[in-house]
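The values are calculated or read from the model by the stated rules, or taken from the named source; none is laboratory data. Everything numeric here is computed off the predicted structure, so don't read it as measured data. Note: ideal-geometry Cβ built from the backbone for every residue, glycine included; neighbour counts use all protein chains shown.
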Amino acid sequence: MRKIMFLVPFIVLFLGACSSESKENYTQMLGAFERNDSELNTMLDETAQNISSDSNREKALQNINEDIIPRISDFRQTVSNYTLSDENHIEVQEAMIDYLNEVEDLMGLYSNFNEEFFFVNPLGDESIDGTLNEEMDKISEQEDAMQAARTHVHELIGENEEE
């Protein structure tokens, strides 16, 4: 019995250290997320401008496929690398990863759309209007899903700050 009583303070100290490390990791993860999300959104804005400008469409595709999608993958790995033990912190981490998955899906749709409809159809064939509208609807839905995921991340972060 004395041995068990002797171990209790060490167990309490160990659990306290784990909790402190998780909180520090969570704070670092939030900083990394904010920094990377800001950079990613800047890249997305620039790409959107390039897409809307016919002369820069090829550059936009290159940015999406060679810069943005790999950066999203790196960003997701960065978020995943933080070791968290608090359930609320893990929920935020998972929401961040879901958001990044939505962004990556949207970039894939942008890439496919621009390849199919602006390179394959250089003469502006109007018979593909139905397909074009379907693809635009998919993109719009994905944009909404991405924004909802981003909003969810920020709501969870706000809830954790209140605690």
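Summed over region 61-101, the residues that are in a helix (DSSP H, G or I) and hydroxyl-bearing (Ser, Thr, Tyr) give a count of 4. Any residue at all in region 109-131 that's in contact with a Ser or Thr (Cβ under 9 Å, 6 or more places away or on another chain), modelled with pLDDT of 90 or more and either at positive phi or crowded, with 17+ Cβ neighbours inside 10 Å (or both)? No, there is no match, as no residue in region 109-131 is in contact with a Ser or Thr (Cβ under 9 Å, 6 or more places away or on another chain), modelled with pLDDT of 90 or more and either at positive phi or crowded, with 17+ Cβ neighbours inside 10 Å (or both).
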